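Asker: Would you mind keeping the following structure in view while I ask a few things?
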Amino acid sequence: MKKNWKYNLCWLILMVAGFYLINTLMLAGVINTFIENMLVTIGINIILAVGLNLVIGFSGQFSLGHAGFMALGAYATGIMTQTMNTAGGFYLSILVGVVISIVVALLVGIPTLRLHGDYFAIATMGAAEIIRIVINNMKITNGAAGLFNIPQFATWDVVYIFVCLTTIVTVNFIHSRDGRAVISIRENEIAAEAMGVNTTKWKLSAFVLGAATAAIAGSLYASYLQTIVPSTFGIMESINILIFVVLGGLGSITGTFVATTLLGVLDAALQSLGVLRMVFYAVALIIIMIFKPGGLFGKWEFSFKRLLTKKQDGDMKEAGKESK
Amino acid sequence: MQTFFQQLINGLSLGSIYALLALGYMIVYGISKLLNFAHGDVYMLGAYWGYYTINYLHFGFITALITAMIVCGLAGVIIEAVAYRPLRNAPRVAALITAIGVSFFLENGMSYLVTSDTRNFPQVIKQKTFDLGGVMISNIQLIILVTTLILTLGLMYIINYTKTGRAMRSVSTDYDAASLMGININHTVSITFALGSALAGAAGVLIGLYYNSIDPLMGMTPGIKAFVAAVLGGIGSIPGAAVGGFLIGLLETAVQAMGFSAFRDAAVYIVLIVILLVLPGGLFGKKQVEKV
């Protein structure tokens, strides 16, 4: 722990500086409501995409049901803050959403994580759709009409702090011994098992952690937008999150941040084009994938450690990974 | 009993559409191992082709069906050549994202060109209903069933008894070995996409005729359900995909008839998850050892 304090300090400074930068720009009036809206959307998408990258990019399990867990968090907050209209109630609702999401992720994950590749993708997609359809037909969730007038506790600073928190938790998990176990499953499941890695356990823990962060993102989404309808959390939303992850590079948190920000800005910039916007978006997606099938960043990760020490061995390791 | 048979007929008609889609999906998935998200949108293209040719060029049903199959087959070949072929050796996820990209492109491109309004499909065949002892069956339902049957048998013939079919089977078994045997991989994959997309186009015209309304986003859910049907029947088995399609159609109709129409899609996904867990190879699929 101690030997890394310098780099951790760098990250802390970066986070605090980012916060003050946005705060100052907002006070100076550079960031108007439109840009603030865009930034918050990007932040929520980053939480979702980082969680999904953990599941797909690091544990290698191709999940297509992320929006289902997001819906659980969103509805937990939407329903609870109607009666508990305080900040405490909001944070409690996030917690409840996370707990529900973890339970559901266990229920879904334990049987389906035995499946491989596309079959797992389709099964998780089915599970997410089932969640959505159940929400769509319940009384307490107000059915297809959705919930509105949800009190707004998630302002941009709350979202910013949660982006930092969830990313720290996820990145630390990846860099821990457990995270290496998870990565070993992605590289070769049989070899990992032969080395004594409990593959089911670590696949499941990555899946559950991803689901928990998705629930947090859902809570923030509900509280920021103040309106939620079940149709938001359909297959399209899962696919959108998947696009952020794949575009940034599977297995690169840096890539996820950059891709989510880029697409968020692109989306906001093309807003005036209407339907044509999605046509351009689709073409951009196809072109990027054809010319850069590994995503924008591959597995490359930005690191203060490498930047400050400039040791070759770190670079060599990266080079070895890149060539794969 | 009467309602049972009535629902059976309704389920079979809907199932035929899924069967056609599932057949196309299955052969494309079998050869390229790619979840072709754009398959449902090719089906949408087929429906719109039917709409415009019948309305403006006054095509008959048969002409519209056959031209829709040709046009959709071409569309499939173009999609494969432009979006999937450059990625054949790339990670699978990358190809999946381009498939999603193509799907977005077709959906939104059509929304832009023809607006996203729902349109009424022209009634090119006058609806007649026959009464078979209290069970009503319309001529359109008969046409759908017969067309599906003919196309399924045709596909089975092509795959099992022609040289092209043998090439398709060998490419889907092993790319490298097939190309060593002198099979032109690009050519074979193109033909497979053409066949699969042609079936989707036919399904599009038929659904227009049956449900009478089409819109640019109509392909999304049926596309996914077609994959469910293919998995249910077993990837790699043609009768399996057809039976899977019919079963999904029957299941949906049954759930709807029991008054749970809101949970229609959920029932399909529950069946899918159960099948995957209990019988991963599907009903008719080969048992295979997972290769790592």
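Asker: Could you please let me know if A:VAL108 is in a helix (DSSP H, G or I), in contact (Cβ under 8 Å) with a residue 12 or more places away in the chain and either within 14 Å of chain B (Cβ to nearest Cβ) or on the phi > 0 side of the Ramachandran plot (or both)?
Answerer: Yes: the conditions hold for A:VAL108.
Asker: Of the residues B:ALA194, B:ALA254, only one is among the small types (Gly, Ala, Ser), over 19 Å from B:TYR29 (Cα atoms) and touching a residue at least 60 places away in the same chain (Cβ under 8 Å); which?
Answerer: On the way: B:ALA194 fails: over 19 Å from B:TYR29 (Cα atoms).
Being among the small types (Gly, Ala, Ser), over 19 Å from B:TYR29 (Cα atoms) and touching a residue at least 60 places away in the same chain (Cβ under 8 Å) holds for just one of B:ALA194, B:ALA254, which is B:ALA254.
Asker: Of everything in segment A:128-137, what is under 20 Å from the mean Cα position of the chain (by Cα) and more than 7 Å from chain B (Cβ to nearest Cβ)? Give them in sequence order.
Answerer: Listed by number, the residues that qualify are A:ALA128, A:ILE131, A:ARG132.
Asker: For the structure I just gave you, tell me whether B:GLY245 is buried (at least 21 other Cβ atoms within 10 Å of the Cβ) and under 12 Å from the mean Cα position of the chain (by Cα).
Answerer: yes
Asker: Restricting attention to segment A:176-209, which residues are without any contact (Cβ under 8 Å) to a residue 40 or more places away in the chain, on the phi < 0 side of the Ramachandran plot and either in contact with a Pro (Cβ under 8 Å, 6 or more places away or on another chain) or away from every other protein chain (no Cβ under 14 Å) (or both)?
Answerer: The answer is A:SER176, A:ARG177, A:ASP178, A:ARG180, A:ALA181, A:MET195, A:VAL197, A:ASN198, A:LYS201, A:SER205.
Asker: Among the listed residues B:THR98, B:THR53, identify the single one that is assigned to a helix (DSSP H, G or I) and more than 8 Å from chain A (Cβ to nearest Cβ).
Answerer: It is B:THR53.
Asker: Considering only segment A:162-175, how many residues are closer than 19 Å to A:THR41 by Cα and either touching a Phe, Trp or Tyr at 6+ places or on another chain (Cβ under 7 Å) or free of Cβ contacts under 8 Å to residues at least 60 places away in the same chain (or both)?
Answerer: 1
Asker: I'm told A:LEU262 meets every condition in (1) among the aliphatic types (A, V, I, L, M); (2) at pLDDT below 85; (3) part of a helix (DSSP H, G or I); (4) in contact with a helix residue (DSSP H, G or I) (Cβ under 9 Å, 6 or more places away or on another chain) except one. Can you identify the failing condition by its number?
Answerer: (2)
Asker: Which one is nearest to the other protein chains (Cβ to nearest Cβ) among residues in segment B:72-89 that are among the aliphatic types (A, V, I, L, M) and surrounded by fewer than 17 Cβ atoms within 10 Å (Cβ to Cβ)?
Answerer: Going through the qualifying residues, I end up with B:VAL82.
Asker: If A:ARG114 meets every condition in (1) in contact with a Leu (Cβ under 8 Å, 6 or more places away or on another chain); (2) in a helix (DSSP H, G or I); (3) among the charged types (D, E, K, R) apart from one, which number is that one?
Answerer: Every listed condition holds for A:ARG114 apart from (2).
Asker: Looking at segment B:254-290 only, could you name the residues that are at pLDDT 85 or above and farther than 14 Å from A:PHE120 by Cα?
Answerer: Scanning segment B:254-290 gives B:ALA254, B:VAL255, B:GLN256, B:ALA257, B:MET258, B:PHE263, B:ARG264, B:ASP265, B:ALA266, B:ALA267, B:VAL268, B:VAL271.
Asker: Is it the case that segment A:145-157 has a residue that's part of a helix (DSSP H, G or I) and either closer than 24 Å to A:LEU242 by Cβ or within 10 Å of another protein chain (Cβ to nearest Cβ) (or both)?
Answerer: Within segment A:145-157, none of the residues are part of a helix (DSSP H, G or I) and either closer than 24 Å to A:LEU242 by Cβ or within 10 Å of another protein chain (Cβ to nearest Cβ) (or both).
Asker: Let me ask something else about it. Return the only residue of B:ILE144, B:ILE150, B:ILE137 being β-branched (Val, Ile, Thr), under 22 Å from the mean Cα position of the chain (by Cα) and crowded, with 17+ Cβ neighbours inside 10 Å.
Answerer: B:ILE144
Asker: Follow-up. In segment B:31-43, how many are within 12 Å of another protein chain (Cβ to nearest Cβ) and either modelled with pLDDT under 90 or surrounded by fewer than 24 Cβ atoms within 10 Å (Cβ to Cβ) (or both)?
Answerer: Of the residues in segment B:31-43, 6 are within 12 Å of another protein chain (Cβ to nearest Cβ) and either modelled with pLDDT under 90 or surrounded by fewer than 24 Cβ atoms within 10 Å (Cβ to Cβ) (or both).
Asker: Also, I was wondering about something else. Sort out which residues of segment B:265-280 are within 18 Å of B:GLY236 (Cα to Cα) and buried (at least 19 other Cβ atoms within 10 Å of the Cβ), and write them in order of number.
Answerer: Within segment B:265-280, B:LEU272, B:ILE275, B:LEU276 meet the criteria.
Asker: Tell me, please, whether a residue that is within 14 Å of chain B (Cβ to nearest Cβ) and among the β-branched types (Val, Ile, Thr) can be found in segment A:219-228.
Answerer: no
Asker: Please tell me if A:ALA74 is modelled with pLDDT of 90 or more, surrounded by 18 or more Cβ atoms within 10 Å (Cβ to Cβ) and either in contact with a strand residue (DSSP E or B) (Cβ under 7 Å, 6 or more places away or on another chain) or basic (Lys, Arg) (or both).
Answerer: yes
Asker: Now a separate question. Working only within segment B:101-134, note down all residues that are surrounded by fewer than 21 Cβ atoms within 10 Å (Cβ to Cβ), at the interface with chain A (Cβ under 7 Å from one of its Cβ atoms) and either among the aliphatic types (A, V, I, L, M) or out of contact with any Pro (no Cβ under 6 Å at 6 or more places or on another chain) (or both).
Answerer: Of everything in segment B:101-134, those that are surrounded by fewer than 21 Cβ atoms within 10 Å (Cβ to Cβ), at the interface with chain A (Cβ under 7 Å from one of its Cβ atoms) and either among the aliphatic types (A, V, I, L, M) or out of contact with any Pro (no Cβ under 6 Å at 6 or more places or on another chain) (or both) turn out to be B:GLY109, B:TYR112.
Residues checked against (1) assigned to a helix (DSSP H, G or I); (2) farther than 22 Å from A:PHE148 by Cα:
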| residue | (1), (2) |
| --- | --- |
| A:LEU64 | no, yes |
| A:THR81 | yes, no |
| A:ASN85 | no, no |
| A:VAL98 | yes, no |
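Asker: Give all pairs with beta carbons closer than 9 Å in which a residue from segment A:11-35 that is closer than 30 Å to A:ARG306 by Cα meets a residue that is charged (D, E, K, R); count only pairs at least 6 apart in sequence or on separate chains.
Answerer: Between residues of segment A:11-35 that are closer than 30 Å to A:ARG306 by Cα and residues that are charged (D, E, K, R), the close pairs are A:PHE19/A:ASP157; A:ILE22/A:GLU36; A:ILE22/A:ASP157; A:ASN23/A:ASP157.
Asker: Moving on. What are the residues in segment A:235-278 that are buried (at least 19 other Cβ atoms within 10 Å of the Cβ) and either among the hydroxyl-bearing types (Ser, Thr, Tyr) or over 15 Å from the mean Cα position of the chain (by Cα) (or both), if any?
Answerer: Those that are buried (at least 19 other Cβ atoms within 10 Å of the Cβ) and either among the hydroxyl-bearing types (Ser, Thr, Tyr) or over 15 Å from the mean Cα position of the chain (by Cα) (or both): A:ILE235, A:SER238, A:SER252, A:THR256, A:THR260, A:MET278.
Asker: Can you pull out the residues in segment A:268-283 that are farther than 16 Å from B:GLU107 by Cβ and free of Cβ contacts under 8 Å to residues at least 40 places away in the same chain?
Answerer: Hits for segment A:268-283 are A:ALA269, A:LEU270, A:GLN271, A:SER272.
Asker: Considering segment B:56-76 alone, what residues qualify as being in a helix (DSSP H, G or I) and more than 22 Å from B:ILE191 (Cβ to Cβ)?
Answerer: Residues of segment B:56-76 in a helix (DSSP H, G or I): B:56, B:61-76.
Hits for segment B:56-76 are B:TYR56, B:PHE61, B:ILE62, B:THR63, B:ALA64.
Asker: Can I ask one more? Just give me the residues in segment A:284-305 being surrounded by 16 or more Cβ atoms within 10 Å (Cβ to Cβ) and without any contact (Cβ under 8 Å) to a residue 12 or more places away in the chain, in sequence order.
Answerer: A:ILE286, A:ILE290, A:PRO293
The values are calculated or read from the model by the stated rules, or taken from the named source; none is laboratory data. As the structure is a computational prediction, the values presented were derived from the model and not from experiment. Neighbour counts are summed over all protein chains in view; Cβ atoms, including those assigned to glycine, are modelled from backbone coordinates with ideal geometry.
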